[in-house]
Amino acid sequence: MNIKLSALTIGLLVGSMVFASSVSAAFIDNDSYTTDTESSLDWLDVTQSLGMSFNTVNSQFGTGDQFEGWRYATAADFTGLISHYTDTPLSNGNNTFDLFSLAELVSWLGATYLNSEGAYVYGILSTVSPIPWKRSVAMVYTSESGNGITDQTDTLATSIGAGSANNGIGSFLVKDTSIPNVSEPPVFFLVGSGLLVLIGFYHKRKLTQT
């Protein structure tokens, strides 16, 4: 009975390690950008383009320019990022989450606006807003005061003219990552190791009984 309990405990520990490994491996913080290995996209720190208009940023994608290799994220890219981070299927629009659950993501993307309630990341998307001459501005918010306002995201928090700039708004820029998706091999390794341990306990018990 004791051996069975030990094996079960080890199995649970291995399971928790597998879960933790898959979550931590899904995102990689590279200081100036964050890699979402599930979508294979790098996300540039939004503060890198803070206070720059859509037109200005859009003119800097060429060879040798400030944002060479990057492009504007779409609403679908943004929704995918949030879905992968929260492990929740989402649709475009406003989505709410538990308090402080988006704090790490906000720190990775770079807060563009702070107040007494919390930290915000405002970034322009490639998506045209319902007003044709404006671009959609997406938002990620995390509470820092615990005042009851839930963490939330919005693919259309506001909009801004293509030639307008705001000191509290940057741009969500992405590019295909050069980092391979490494989340699966460690998981399989841990599962295999756990199974070997359990099999070892089982055979040890059989030998003891005989």
Any idea what the dipole of the stretch 41-176 comes to, in debye rounded to 20, about its Cα centre with Lys/Arg Cβ at +1 and Asp/Glu Cβ at -1?
520 debye
Give me Ile124, Ile28, Ile82, Ile131 sorted ascending by neighbouring Cβ count inside 10 Å, so fewest comes first.
Ile131, Ile28, Ile82, Ile124
Quick one: which of 87-97, 134-144, 67-77 comes out on top by average Cβ neighbours within 10 Å, and what's the full order, highest first?
134-144, 67-77, 87-97
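Any read-out appearing in this document is the output of simple, stated calculations on the displayed coordinates, not a laboratory observation. Source: prediction; values computed, not measured. Methodologically, a virtual Cβ is constructed for each residue, glycine included, from the backbone with ideal geometry; neighbour enumeration extends over all protein chains shown.
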